[in-house]
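The values are calculated or read from the model by the stated rules, or taken from the named source; none is laboratory data. Please read all numbers here as calculations on a predicted model, not as lab measurements. All Cβ positions, glycine included, derive from the backbone under ideal geometry; neighbour counts span all protein chains shown. Heads up: the accessible areas ignore ligands, DNA and RNA and are worked out on the full protein's heavy atoms, side chains in. Shrake-Rupley method; radii C 1.70, N 1.55, O 1.52, S 1.80 Å.
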Amino acid sequence: MMKLLLVEDDATLRYMIRNSLEVVIGGYEMAEAANGAEGLELWKTFRPDIIVADVEMPVMDGYEMVAKIRETDRLQPIVFASGMEDPSHVMRGYEVGVNNYIKKPYLPEELDAHVRALLRNINLGGRMENNTETYPIGRWKFNAEKASLSDTEGKSVSLTLLESQILRLLCRSMGETVGRDTILETLWPDVDYFYASRRLDVFITKLRKLLSADPAITISTIRGVGLRLDVEN
């Protein structure tokens, strides 16, 4: 049984989604919250497998809720359900730590497909990370199991699961180009190519910023081919 926390201020939509997932589709145990503050409290007690949240809500919006969750839990799977199309809004969601987006309006069957695809990818990521791989990247050491970067001065930076998965793919082929299609098919196999590609660009921008403390490190975009991680000696 999959535990899903639905954070949505539209009571009618909450009822429709809950009834469809629990009764019609099946395999779900649901908890509901009408705003981010309620969602945050339910997250602590319900311990969901995944959170599906609206963005614009009263009391506490989705951005603030996710940011508070990420203060203590970097790996909780979270999906934003939103009608927003402004790229800056989408980027803000990824910056606070959301894993994926589903566009409103959506059918319950569509949400079910998104949820299962995300959890399948996360399970894949977990299997990849449980081998305690570590990679030296210039002044940084990347620990794939802990999804973290640490430098020679003891500074540590936590990564989201997707950031860690992308960096691991690049580290395994350091100095070589990793095909863009390879990354997209590994991490977002069931997401429209255009939107998945945009999401990858957001995460690469974040990784470049995180690694920028060491100017010897570069993540290059090889136009039409893919991405390459290099460290100058």
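Points to keep in mind about this one:
- Of Leu4, Ala34, Tyr135, farthest towards positive along the dipole that unit charges on Lys, Arg, Asp, Glu beta carbons give the stretch 1-156: Tyr135
- Potential extension, Arg120-Thr221 segment - 0.36 nm per residue separation minus Cα distance: 33.6 nm
- Kirkwood-type radius of the stretch 92-233, with distances r between different C-alpha atoms, in Å: 15.8 Å
- Alpha-carbon centroid distance for the pair the stretch 54-110 / the stretch 1-37, whole angstrom: 16 Å
- Hull volume in cubic angstrom per residue (convex hull over the Cα atoms of the stretch 43-108): 95 Å³
- The residues His89, His114, sorted by heavy-atom accessible surface at 1.4 Å with ligands and nucleic acids left out, run His89, His114 from largest to smallest.
- Here is how the number arises for the chain: DSSP H runs of 4 or more residues each give -39500 (n - 2.57), the sum is divided by the residue count, and the result at 222 nm is -13500 deg cm²/dmol.
- Sparsely packed loop sites in the stretch 53-90 (the GluC sites (Glu not before Pro) outside DSSP H, G, I, E and B with at most 10 other Cβ atoms within 10 Å) comprise Glu71, Glu85.
- Between helix 87-96 and the chain: long-axis angle, C-alpha atoms, 0 to 90°, nearest 10: 80 degrees
- Among Lys44, Lys103, Lys141, residue whose mean-square fluctuation peaks in a GNM of the chain (springs only between Cα atoms under 10 Å): Lys44
- Solvent-accessible area per residue for the stretch 1-130 (1.4 angstrom probe, square angstrom): 46 Å²
- Neighbours of Ile222, meaning other residues whose beta-carbon lies under 13 angstrom from its beta-carbon, give a summed charge of 0 when Lys and Arg score +1 and Asp and Glu score -1.
- Max mean-square fluctuation residue, GNM over the chain, Cα-Cα springs under 10 Å, options Pro77, Pro105, Pro136: Pro105
- Choice from Val157, Val55, Val202 with maximal GNM fluctuation in the chain (Cα, 10 Å cutoff): Val157
- Long-range Cα-Cα pairs in the stretch 8-84 (distance over 16 Å), rounded percent: 49 percent
- Carbon plus sulfur fraction of accessible area for the stretch 11-85, probe 1.4 Å, in percent: 50 percent
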